[in-house]
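Rule-based calculations on the coordinates, nothing more; no lab input. What you are looking at is a predicted structure, and each value in this text was computed from that prediction instead of being measured. Using ideal geometry, Cβ is built from the backbone for each residue, glycine included, and neighbour counts are taken over all protein chains shown.
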Amino acid sequence: MTSPVSFSTSISRRHEKLIRVCLFCCAALSVLTTGAIVYVLLSNAIYAPGDKTAFFERVSLTEFLTSAQWKPAEGDKGRFGIWPLLSGTMMVAVISSLVSIPAGLGAAIYMSEYAGARERQILKPVLELLAGIPSVVFGFFALKFVTPWLLKPLFGWLDVKVSIFNSLSAGIVVGIMVTPLIASLSEDVIRSVPRSLREAAHALGSTKYDVCMKVVVPAALSGILASFLLAFSRAVGETMAVAIAAGGSPMLALNPLEGSQTMTGFMVHASTGDSAADSISRMSMYAVGITLFLLTLVINLISGWILRKFREEYQ
Amino acid sequence: MSKEKQVLSVPPSVQGVDRNLDTSLHPEAIDVRNLSFYYGDLQVLYDISLRVPERSVTALIGPSGCGKSTFLRTLNRMNDLIDGTRCTGECLVEGQNIMSPDVDVVLLRKHVGMVFQKSTPFPKSIFDNVAYGPRVAGERTRSVLNDLVESCLRKAALWDEVSDRLHTPAMALSGGQQQRLCIARTLATAPKIILMDEPASALDPASTDRIENLIGELCANYTIVIVTHNMQQASRVSHQTAFFFKGRLIEVGPTMKIFTSPTQKQTEDYITGRFG
């Protein structure tokens, strides 16, 4: 005699398992990709299995870290000092911060403290629109507008020569690019400062400006700093705009009005060039890649740590 | 049954508070005339008129949502910070109508300080919290600030507990200490009037006691208006009690009279605990 009720697993329950496996694969994919990228970088830069030779098996780490020249095209006679590329990257990133920090923080304070609900409804989408513009467009904006129409007349008036390709225009447009990032992250942390703190400050006879600058911004400071660091790390990793605007001449000169090459700019150049796949100039790309990877990783870790610290303070 | 049996036995007052004070003989610090208040289209205060005598404590009591906090917050125009609020009627402080649009709320709030239900120390040091008000008012001299911080912490009965750690974070203080710090911070702006919105409702009994005694001391020099849910507290710390119900001021009078022989049925029902 069979029971009228069956407890055996039905087809639909087996689907549950299938869904779980599919979702796991999606999650695993991103982990695997990261692992694969790290493997490719390491195996080309530090130690290559098989008969290939990795970059650091041909060029010493001392040369990489101490030489002041970057001339990979000359093959084994070339120079492989990272500093010209690193300084190019840092110069663009610092200039971009000089633009994006005041603009982004100002926008964040305005949106969270001063703007009415309607204004905010217009401002936020416009900022998001700015964030959505492809970076190659910003590159041309730097090359075709910022340099010829802003920098050349301005510095021409001061009788200073500006190259067509220059770090300043690259830094300015990258700064504009990352402004929405700072504005939106900072606005979030500023808004999460408890309303009661604002009221207490108002009740002590503060003007609105006092409330913002002496209570709200200091209370949100760690979150704001984290947004600065994330924006800096975006600027370090930014590629197309700087490859177009800053040019392709790696040099250890800190003149923002001349061309330079950033780490990302070099990697675009190396991976699209016509040198042989196992040539030293092509391999050097992986060493630069690892340096860039480590640099942004460290900055992101620091900003993540600061953000977590902020959350602990207020939640 | 006699009426007296239903009335609460009134606990002794804190030192410095005379609950039979004839407030009509005192000069007034605040004179509210026909005040009505709206959140958008919703009217929450109806035609309130209330005199607050100088150097005394006025307690505002009533069930939740009766408008007593809203009323308190009109006295230093704190409600201006909320969009869509509107107010009619007059509120005279120092003989000036503070509802007038040409009043500088920054100056008003220095004169009329406020202590909130939740203690709100800024994430700064104890010293910087107390020095905040004088600093935004432009005081920079270190010695003046030092003296001011000490005297305000003494007045708020906190000096002895924190004098050796003035430059440590205020957030590390206990709840009761934080609230006394907020009182010290308010005193530092040299107000004449202090508004307190349930200042002890989040505190333990011992801390509450300290705050109540402090109110008794402060009312020798300051005019205090306090909102409280705790009727025992209202009866202990106030000279005058005002009972609010559904946005209306039902009854106001010397605290002893309100608690022993209220004239209105609703007041009596509330203080005997039959609703609210």
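Measure out, as a whole number of angstrom, how far apart the alpha-carbon centroids of segment A:125-154 and segment A:86-124 sit.
Cα centroid to Cα centroid, the span is 15 Å.
Given the peptides B:152-160, A:51-59, arrange them by the average over their residues of other C-beta atoms within 10 Å, most packed first.
Details: B:152-160: 19.6, A:51-59: 15.7.
Top of the packing list down: B:152-160, A:51-59.
Given the peptides A:272-283, B:172-183, arrange them by the average over their residues of other C-beta atoms within 10 Å, most packed first.
Most protected by this proxy first, the peptides run B:172-183, A:272-283.
Can you tell me what percent of all Cα-Cα pairs in segment B:93-144 are more than 15 Å apart?
60
In peptide B:133-145, what is the residue-averaged number of other protein chain Cβ atoms found within 10 Å of each Cβ?
The per-residue average across the peptide is 2.
Applying the Karplus parametrisation 6.51 cos²θ - 1.76 cosθ + 1.60 with θ = phi - 60° to the phi angles of segment B:247-256, what ³J(HN,Hα) value in whole Hz is obtained for each residue in order, glycine and proline being reported as x?
Running phi through 6.51 cos²θ - 1.76 cosθ + 1.60 with θ = phi - 60° gives x, 10, 7, 7, 7, 9, x, x, 3, 4 Hz.
Can you list residues from other chains, or at least 5 along the same chain, whose modelled amide H is less than 5 Å from the amide H of B:Cys91?
Under 5 Å from the amide H of B:Cys91: B:Arg33, B:Ile98, B:Met99.
At 222 nm, what value in deg cm²/dmol follows for the protein assembly as shown if DSSP H runs of at least 4 each add -39500 (n - 2.57) and the sum is divided by all its residues, to the nearest 500?
Counting only the DSSP helices, I get -15500 deg cm²/dmol.
Considering only DSSP beta bridges where both residues belong to segment B:20-270, give the percentage that are antiparallel (nearest 5).
60
Compute the FRET efficiency between A:Lys309 and A:Val94 as 1/(1 + (r/R0)^6), taking r as their Cβ-Cβ distance and R0 = 22 Å, and round to the nearest 0.05.
According to the calculation, E is roughly 0.35.
Return the sequence-ordered ³J(HN,Hα) values of segment B:205-214 in whole Hz as given by the Karplus equation 6.51 cos²θ - 1.76 cosθ + 1.60 applied to θ = phi - 60°, using x for Gly and Pro.
x, 5, 5, 4, 4, 5, 5, 5, 4, 4
Hey, what's the Cα Rg ratio for segment A:160-315 versus the globular rule of thumb, 2.2 N^0.38 Å? Working shown, then result.
On the way: Rg = 20.8 Å, N = 156, 2.2 N^0.38 = 15.0 Å.
Relative to the rule-of-thumb radius for its length, segment A:160-315 sits at 1.39.
Would you grab the residues whose amide H sits under 5 Å from the one on B:Thr241? Only those 5+ places off in sequence or on another chain, please, with H modelled 1.01 Å from N.
Answer set, sorted by chain and number: B:Ala59, B:Gly253, B:Thr255.
Report, as an integer, the average count of C-beta atoms from other chains found within 10 Å of each Cβ along A:193-201. Can you show the working numbers first?
Numbers: counts 1, 2, 2, 5, 5, 2, 9, 13, 6.
Mean shielding by partner chains, rounded to a whole number: 5.
Near B:Thr255, within a Cβ-to-Cβ distance under 10 Å, what is the net charge of the other residues, with Lys and Arg +1 and Asp and Glu -1?
+2
Using only the alpha-carbon atoms, what does the protein assembly as shown span along each of its principal axes? Please give whole angstrom values in decreasing order.
Computed over the protein assembly as shown, the largest-to-smallest principal extents equal 108, 100, 50 Å.
Quick check: the distance between the Cα centres of segment A:163-180 and segment B:235-250, to the nearest angstrom?
Spelled out, the Cα-based centre of one part sits 64 Å from the other.
Which whole number gives the average, over all residues in B:118-125, of C-beta atoms from other chains lying within 10 Å of the residue C-beta?
Taking all residues of B:118-125 together, the mean is 5.
For B:Asp160, what is the net charge nearby, where nearby means another residue's Cβ is under 14 Å from its Cβ and Lys, Arg count +1, Asp, Glu -1?
Counting the neighbours of B:Asp160, the net charge comes to +2.
Would you grab the residues whose amide H sits under 5 Å from the one on B:Ala29? Only those 5+ places off in sequence or on another chain, please, with H modelled 1.01 Å from N.
Long-range HN contacts for B:Ala29: B:Val52, B:Glu54.
Which log10 I(q)/I(0) values does segment B:1-131 give at q = 0.13, 0.17 Å⁻¹ under the Debye formula, counting every alpha carbon as one identical point scatterer?
-0.73, -1.10
Would you mind checking A:Lys214/B:Lys118; A:Lys71/A:Lys152; A:Lys208/B:Lys118; A:Lys208/B:Lys192; A:Lys309/B:Lys155 for any pair whose Cα atoms are more than 25 angstrom apart?
Violating the 25 Å Cα-Cα cut-off are A:Lys71/A:Lys152; A:Lys309/B:Lys155.
So if we plug the beta-carbon distance of A:Asp159 and A:Thr66 into 1/(1 + (r/R0)^6) with R0 = 25 Å, what FRET efficiency do we get, rounded to 0.05?
Working: r = 37 Å, r/R0 = 1.49.
Computed FRET efficiency for A:Asp159 and A:Thr66: 0.10.
Convex hull over the Cα atoms of chain A, averaged projected area in nm²?
Its average projected convex-hull area is 28.0 nm².
Per residue, how big is the convex hull of segment B:20-270 when only Cα atoms are used? Give it in Å³.
Once divided by residue count, the hull of segment B:20-270 is 126 Å³.
What spacing in nm lies between the two simple spin-label points modelled at A:Ser279 and B:Glu94, each 7 Å away from Cα in the Cβ direction?
Simple spin-label model gives 8.2 nm for this pair.
Ranked from highest to lowest mean number of other Cβ atoms within 10 Å per residue, what is the order of the peptides A:153-163, A:39-49, A:18-28, A:247-257?
Listed from highest to lowest mean packing, they are A:247-257, A:39-49, A:153-163, A:18-28.
Out of all DSSP beta bridges with both ends in the protein assembly as shown, state the antiparallel percent to the nearest 5.
Values: 27 of 44 bridges.
Counting only bridges with both partners in the protein assembly as shown, antiparallel ones make up about 60 percent.
If the cut-off is a Cα-Cα distance under 20 Å, which lysines reach A:Lys17, setting aside same-chain residues fewer than 8 apart in sequence?
none
Taking the Cα centre of each part, how many Å lie between segment B:65-141 and segment B:168-212?
Their Cα centres are 16 Å away from one another.
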